[in-house]
Amino acid sequence: MTAKTERVRRIGWYAALVVASLVTVLGVSLLFAAIRNDNSIEAELGQATAQVESVTFDRTIINYATPDGIMHSPANGVLYPSGLAAGQLVNIEYDVGDPELARVAGRSAANTLLPLGSMIFFTWLIAGPLLWWIRRQRLAYRRSLAESAA
């Protein structure tokens, strides 16, 4: 192994560590954002029946009316939309102060624990052995340098 290979492995080790750490921080941040959204909704809870307009990969668009008769369609979609289909009627809970913030009734940030936890787990399941292997290769290189110097 050469010094260049050692440098590439060191960069690879740091890159793997940074990517895995970034995925972990993003996952935890998403969980805290979901908890914050739930707290906002529960602070000024409004309930309505909404019609699911469209379901795409990144959002589920709904339409619902508040008691004052105004129709709302949150631009970012509804929170915790799994299992919904276009044309379906669904009970929702929304923040009366910000009707753009709505979630499917009965769902909460707990619904994000499994997907986020899985994402973090599998990230480290891949990164952990990779980091260990790179570290082991770097230590072997250092040992060979020490032996050749002696």
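A compact table of results
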{"read-out": "For Glu53, residues with placed amide H under 5 Å, excluding near neighbours", "value": "Ile61, Ile62, Asn63, Gly87"}
{"read-out": "Lys/Arg +1, Asp/Glu -1 at C-beta; the chain dipole; positive extreme among Pro115, Gly128, Val90", "value": "Gly128"}
{"read-out": "Length-normalised contact order of region 3-149 in % [C-alpha pairs under 8 Å, at least 6 apart]", "value": "28 percent"}
{"read-out": "Cβ-defined net charge surrounding Asp95, 14 Å radius [Lys, Arg +1; Asp, Glu -1]", "value": "-4"}
{"read-out": "Vicinal HN-Hα couplings computed from phi for region 37-44 (Karplus, 6.51 cos²θ - 1.76 cosθ + 1.60; Hz; Gly/Pro x)", "value": "4, 4, 5, 5, 5, 5, 5, 9"}
{"read-out": "The chain, dipole about Cα centre (Lys/Arg Cβ +1, Asp/Glu Cβ -1), debye to the nearest 20", "value": "1700 debye"}
{"read-out": "Whole-Hz ³J(HN,Hα) from phi, Karplus 6.51 cos²θ - 1.76 cosθ + 1.60, for region 60-73, glycine and proline x", "value": "10, 8, 10, 10, 8, 10, 8, x, 7, x, 7, 7, 10, 9"}
{"read-out": "The chain - Rg over Rh from alpha carbon coordinates, Kirkwood radius", "value": "1.29"}
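Values quoted throughout were computed directly from the atomic coordinates according to the rules given, and no laboratory measurement underlies them. None of the values given here were measured: they were computed from a predicted structure. A quick note on method: Cβ atoms are made from the backbone with ideal geometry, for glycine too, and the neighbour counts reach across all protein chains shown.
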